[in-house]
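Scroll down for the structure; my scribbles are underneath it.
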Amino acid sequence: MLKVEKHETPIREIFGNSPKVKVLDTLIENPKLDYSKKELAEAAGISKSTLYKLWDELEEEGIVVETRKIGNATLFKLNEDSKIVRELVRFEKRLLRSKENPVKA
């Protein structure tokens, strides 16, 4: 079982903790890891059935990309070639920088 430490990230602070945000946040926090759907659901803290409901949307938006097959399992990771993904990652980096260097009034 894959265990990823959870903490309040800038993406979750702004967009909340909906299942889709949890999946996006998990993928963005671990962009080089590939996951089976079961592992991704566990890492994101959502049920497999919830992930399956979101899956078509994630694929259609180009958020995830298939990486390889291990036995019967197909693995996926964040699609770093996607413009949407690149903008989300860039946005999160800006949020992190703004938290480190807050503007003083």
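Pairs are defined by a Cβ separation below 9 Å, a sequence spacing of at least 6 or placement on different chains, a first member in the stretch 64-85 that is more than 20 Å from residue 11 (Cβ to Cβ), and a second member that is part of a strand (DSSP E or B) and basic (Lys, Arg); the pairs so defined are 66/77; 67/77; 74/68; 75/68; 75/69. Checking 45, 71, 16 one by one, the residue that is under 13 Å from the mean Cα position of the chain (by Cα) and on the phi > 0 side of the Ramachandran plot is 45 and no other. Filtered by the rule that a residue be surrounded by fewer than 14 Cβ atoms within 10 Å (Cβ to Cβ) and in contact with a Ser or Thr (Cβ under 7 Å, 6 or more places away or on another chain), the stretch 52-72 gives 62, 66.
Only one entry of 93, 53 meets the criterion of being modelled with pLDDT under 95 and assigned to a helix (DSSP H, G or I), and that entry is 93.
If you scan the stretch 66-85, which residues turn out to be in contact with an Asp or Glu (Cβ under 7 Å, 6 or more places away or on another chain) and part of a helix (DSSP H, G or I)? Passing the criteria: only 84. Number of residues in the stretch 19-40 that are assigned to a loop (DSSP other than H, G, I, E, B) and of a type in the set (Ser, Thr, Tyr) equals 1. Taking residues in the stretch 12-29 that are free of Cβ contacts under 8 Å to residues at least 60 places away in the same chain and over 13 Å from residue 42 (Cα atoms), and partners anywhere that are surrounded by fewer than 16 Cβ atoms within 10 Å (Cβ to Cβ) and of a type in the set (A, V, I, L, M, F, W, C), the pairs with Cβ atoms closer than 6 Å and at least 6 places apart or on different chains are 21/15.
The values are calculated or read from the model by the stated rules, or taken from the named source; none is laboratory data. Computed from a predicted structure; not experimentally measured. Cβ sites come from the backbone with ideal geometry, for glycine too, and all protein chains shown count toward neighbours.
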